[in-house]
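The values are calculated or read from the model by the stated rules, or taken from the named source; none is laboratory data. Worth saying up front: this structure is predicted, and the values here are computed from it rather than measured. Cβ sites come from the backbone with ideal geometry, for glycine too, and all protein chains shown count toward neighbours. Protein only, heavy atoms only, side chains kept; ligands, DNA and RNA dropped before computing areas. Shrake-Rupley method; radii C 1.70, N 1.55, O 1.52, S 1.80 Å.
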Amino acid sequence: ASFGVNRNNAVLEATEGALKALNIKTTKYDGRVFCWAPDQDPDSYSGLRMTNERSCVEICPQELCNAMIYSLREEGTLPEEALIHKVSGILGYKRLSKNLEAVLKKGVQFARSSGVIVYSGGKYKLPD
């Protein structure tokens, strides 16, 4: 840090400025910036990539929500631990690391606060 400015923040701000100048849609979640293709709307994104060829921190919360919707459409209701395991498998991860578990738990919180899933009777389900 120099003069109280964190270099990571300076790089992030410069990157965000460049993306804004190029008119690229971005969303922020948990200190990370996610970029969107011109034809994608983060609010209505329904995509899901079933591959683990990326770090778990590179998965946007919208995609985590979509994996939860997919899981709950198949299973109906799931307790949190089972939902996390199901989503990790759908996303192509064979092993649930501590980092992946933390990302998925934050994803559950995001999905719940967004109204994508609801908690009832100790389990998660899709809204009625």
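Solvent exposure of the chain amounts to 64 Å² per residue of accessible area, where only protein heavy atoms count and the probe is 1.4 Å.
Determine the shape class of the stretch 34-78: with a ≥ b ≥ c the square roots of the Cα gyration tensor eigenvalues, call it rounded for a/c under 1.5, and otherwise prolate if a/b is greater than b/c, oblate otherwise. The shape class here is oblate. Largest mean-square fluctuation among Pro79, Pro42, Pro61, in a Gaussian network model of the chain whose springs join Cα atoms under 10 Å apart, belongs to Pro79. Set the bar at 29 Å for Cα to Cα. Now go through Lys20/Lys125; Lys28/Lys105; Lys28/Lys94 and name every pair that lies beyond it. Check vs 29 Å cut-off fails for Lys20/Lys125.
At a 1.4 Å probe, what is the % contribution of carbon and sulfur to the accessible area of the chain? Could you put the intermediate results ahead of the total?
Details: 4030 of 8160 Å².
C and S atoms contribute 49 percent here.
The calculated FRET efficiency for the pair Ala37 and Asn99, based on their C-beta separation and a Förster distance of 25 Å, comes to about 0.40. DSSP loop chymotrypsin sites (Phe, Trp or Tyr not before Pro) in the stretch 1-101 with at most 13 other Cβ atoms within 10 Å of their Cβ, which ones? Sites meeting the loop and neighbour criteria: Phe3.
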